[in-house]
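As structure tokens, the structure follows; a few thoughts come after it.
The values are calculated or read from the model by the stated rules, or taken from the named source; none is laboratory data. All values reported here derive from a predicted model rather than from experimental measurement. We place every Cβ from the backbone using ideal geometry, glycine too, and count neighbours over all the protein chains shown.
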Ligand SMILES: Cc1cc2nc3c(=O)[nH]c(=O)nc-3n(C[C@H](O)[C@H](O)[C@H](O)COP(=O)(O)OP(=O)(O)OC[C@H]3O[C@@H](n4cnc5c(N)ncnc54)[C@H](O)[C@@H]3O)c2cc1C
């Protein structure tokens, strides 16, 4: 499959036109068919071309979702769940048309159980809104993808972010889900208990299912206490290799970093320009430590020694919240900063993840490949997890460049898989990575197909994503 090719799914024109009529009647203003709105719901941010749904329903409750799914199921019409539309692999595209069910207005925080450190929310709540709401309680939710995504979308893509090295990914932080299945039936996958051996783990089946098995209408999340003390800062290194070695030593010696993010020199330059940072454009690590006041100071000093042994430093760290907030805002804006390196270019965001012991080899070979091809492709990553992004900035109109980028992505994914890694640490498969999933998991993808067929026999739930049927 060429990068711009996407799997064709047969369109059911008659069913779609009937369902659109019924949905208009049933939902009135909440159901819209204007082209601009439909285009917005197929926006992919990346090189993947948009494929518009035929209508958009703004659901306000799980009952709305259930009713719409029943209508679509009866007429065998595709349903594309939509959170905030920030996914990077064409997840919200509608290759066979159908109805985008936008859950952004389902944004209630239903309960916060402070003594149990959990909360129950609707799927349209965004990660930033949840943390703003929680602030007074002394609790926070740690998963932080670069975008202010919805927690439904984050659950559906098994997202993670800069804090994953300490707090895990969505798979570690979702306790239970309410899901509307493709036949309209509503199920709850678990209770609020911290652990359970009760049957198949349907919660984890739904986490990462990318809207292909049902629409998540309620989420029970684990929360964390805001640490007593937080320190953070940036440490420069003479080479990317030295920065990566510092990450590996830090993780292998068990230093409890909360965040350890790698930024190469080109990406650093982009962030300096975009976020007005006062640093030199050399390879850097962005770090944060959580714990007691003496603990975090001690950890920062131990890291300083690791960095110095590798020719890096000085590690300038601070406990002042405003300074840390500025740094992490810049880190979260890394994608937009990188786009500034080549105005008008389209981005291909790779996100391989390898076992930590292979990280240096993988990044070294990848950097050499970028240099040889002369691509504009900054590197940034959640290096503590072995996960890094190469953001290829390409001219869509230049076939030679596209071919070069394609072969680069093939080699990068092949390299990561040969090292025991994965083609996607956090963005998911969507449309963009389908062929790499087959290479990575082989026969296991057939088991996924079997599960999909048993839950969604008419293939109406986000068809044309993850794998072909
Ligand atoms: C600048 C930028 C930085 C990013 N950084 C990161 C990062 O650090 N880590 C990371 O993991 N990702 C990152 N991403 C990708 C993206 O933010 C995540 O994939 C996020 O989880 C998508 O959430 P969303 O609400 O935008 O979902 P959408 O894009 O709306 O949907 C994503 C997928 O989930 C499905 N879906 C959405 N809501 C539901 C629901 N309620 N029920 C069932 N299925 C649903 C959709 O059908 C689609 O397949 C980044 C994206 C951008 C643009």
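Values for this structure:
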{"quantity": "The range 335-361, residues that are without any contact (Cβ under 8 Å) to a residue 60 or more places away in the chain, out of contact with any strand residue (DSSP E or B) (no Cβ under 8 Å at 6 or more places or on another chain) and over 20 Å from residue 281 (Cα atoms)", "calculated": "344, 361"}
{"quantity": "The range 2-42 - residue that is at pLDDT below 90 and loosely packed, with under 15 Cβ neighbours inside 10 Å and, of those, nearest to residue 64 (Cα to Cα)", "calculated": "10"}
{"quantity": "Filter result for residue 297 (in contact (Cβ under 8 Å) with a residue 60 or more places away in the chain, buried (at least 18 other Cβ atoms within 10 Å of the Cβ) and not assigned by TED's automatic domain parsing to the domain that holds residue 161)", "calculated": "no"}
{"quantity": "Segments classed as strands (runs of 3 or more DSSP E), wholly inside the range 79-124, with at least 2 members that are within 12 Å of the ligand (Cβ to nearest atom)", "calculated": "79-82, 99-102"}
{"quantity": "Matching residues in the range 153-192 - criterion: being buried (at least 23 other Cβ atoms within 10 Å of the Cβ), under 21 Å from residue 459 (Cα atoms) and either out of contact with any helix residue (DSSP H, G or I) (no Cβ under 7 Å at 6 or more places or on another chain) or modelled with pLDDT under 95 (or both)", "calculated": "153, 156, 157"}
{"quantity": "Residue check, residue 148 touching a strand residue (DSSP E or B) at 6+ places or on another chain (Cβ under 8 Å) and within 10 Å of the ligand (Cβ to nearest atom)", "calculated": "yes"}
{"quantity": "Flag if residue 153 is within 12 Å of the ligand (Cβ to nearest atom) and either part of a helix (DSSP H, G or I) or within 18 Å of residue 227 (Cβ to Cβ) (or both)", "calculated": "yes"}
{"quantity": "Residue 142 within 12 Å of the ligand (Cβ to nearest atom) and in contact (Cβ under 8 Å) with a residue 40 or more places away in the chain", "calculated": "no"}
{"quantity": "Which listed residue, of 294, 325, is closer than 27 Å to residue 139 by Cβ, under 24 Å from the mean Cα position of the chain (by Cα) and away from the ligand (no atom under 16 Å from the Cβ)", "calculated": "325"}
{"quantity": "Single unsatisfied condition, residue 329 versus (1) part of a loop (DSSP other than H, G, I, E, B); (2) loosely packed, with under 15 Cβ neighbours inside 10 Å", "calculated": "(1)"}
{"quantity": "1 or more residues closer than 30 Å to residue 261 by Cβ and within 14 Å of the ligand (Cβ to nearest atom): qualifying helices (runs of 4 or more DSSP H) within the range 385-469", "calculated": "434-441"}
{"quantity": "Residue match in the range 439-462 (condition: in contact (Cβ under 8 Å) with a residue 24 or more places away in the chain, under 16 Å from residue 416 (Cβ atoms) and over 20 Å from the mean Cα position of the chain (by Cα))", "calculated": "yes"}
{"quantity": "Residue match in the range 170-180 (condition: within 30 Å of residue 75 (Cβ to Cβ), in a loop (DSSP other than H, G, I, E, B) and within 15 Å of the ligand (Cβ to nearest atom))", "calculated": "no"}
{"quantity": "Number of the condition not met by residue 347 [criteria: (1) outside any helix (DSSP H, G or I); (2) surrounded by 23 or more Cβ atoms within 10 Å (Cβ to Cβ); (3) within 16 Å of the ligand (Cβ to nearest atom)]", "calculated": "(2)"}
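A quick yes/no check of all residues on (1) assigned by TED's automatic domain parsing to the domain that holds residue 20; (2) over 18 Å from the mean Cα position of the chain (by Cα); (3) on the phi < 0 side of the Ramachandran plot:
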residue	(1), (2), (3)
60	yes, yes, yes
63	yes, yes, yes
68	yes, yes, yes
73	yes, yes, yes
81	yes, no, yes
86	yes, no, yes
92	yes, no, yes
95	yes, yes, yes
98	yes, yes, no
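Residues checked against (1) in contact with a helix residue (DSSP H, G or I) (Cβ under 6 Å, 6 or more places away or on another chain); (2) over 26 Å from residue 233 (Cβ atoms):
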residue	(1), (2)
324	no, no
331	no, no
343	no, yes
356	yes, no
368	no, yes
374	no, yes
385	yes, no
